[in-house]
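Enquirer: Let me give you the structure first, and then I'll get to my questions.
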Amino acid sequence: MIGIRIKSNKEISEFNTETDKEYMEMDKDGYALAVPDRWEHRKFKLSFVVENYGSDFNILATEWFNALYTPMYSSTTNQAIYGNVYILNEDENGPVDFEFEDFNYINYITHRIIK
């Protein structure tokens, strides 16, 4: 399965969960992002996987998490994220690739352009 990696040094890249040694060996924890839950007329759920014990502040991941973790109708999240972050995707049938095209689409619809 393909996902997006956001590194603390602002590098964004695709990775494969089945072959990426760094991802497989990392001590990690995950969160389900609240929005968006639909695009292209299909329901999806994004997983935001964070590196436990990460020491380097990750500004891009922090922006994504704070924009997407809390729905707009509830209180604002102001959580700092440290270490590398991995964004994965699934629908009602199981895991779905999450590629640059999807990442850019979410940036567009949330008005959060991340470069």
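Enquirer: Would you please name the residue that is modelled with the highest pLDDT, looking only at residues in region 27-58 that are among the aromatic types (Phe, Trp, Tyr) and farther than 23 Å from GLU92 by Cβ?
Expert: PHE57
Enquirer: A further question on this structure: I need the full set of residues from region 67-102 which are touching a Ser or Thr at 6+ places or on another chain (Cβ under 9 Å), closer than 12 Å to LEU46 by Cα and modelled with pLDDT under 85, in order please.
Expert: LEU68, TYR69
Enquirer: Then there is this: Considering only residues that are within 14 Å of the chain's Cα centre (by Cα) and among the hydrophobic types (A, V, I, L, M, F, W, C), look in region 103-112 and name the one that is modelled with the highest pLDDT.
Expert: Within region 103-112, the first condition is being within 14 Å of the chain's Cα centre (by Cα), and the residues that meet it are 103-107, 110, 112.
From what's left, among the hydrophobic types (A, V, I, L, M, F, W, C): 103, 106.
Details: PHE103: 87, ILE106: 81.
Per the criteria, the residue is PHE103.
Enquirer: Same structure, new question: Being at pLDDT 85 or above and touching a Pro at 6+ places or on another chain (Cβ under 7 Å) is true for just one of MET24, MET1. Which residue is that?
Expert: None of the others qualify; the one that does is MET1.
Enquirer: When the residues of region 82-99 are filtered to those that are of a type in the set (D, E, K, R) and not in a strand (DSSP E or B), which remaining residue is farthest from ILE4 (Cα to Cα)?
Expert: Going through the qualifying residues, I end up with GLU92.
The values are calculated or read from the model by the stated rules, or taken from the named source; none is laboratory data. Every value quoted in this text rests on a predicted model; they were computed, and no experiment measured them. Please note: Cβ atoms are built from the backbone with ideal geometry, for glycine as well, and neighbour counts cover all protein chains shown.
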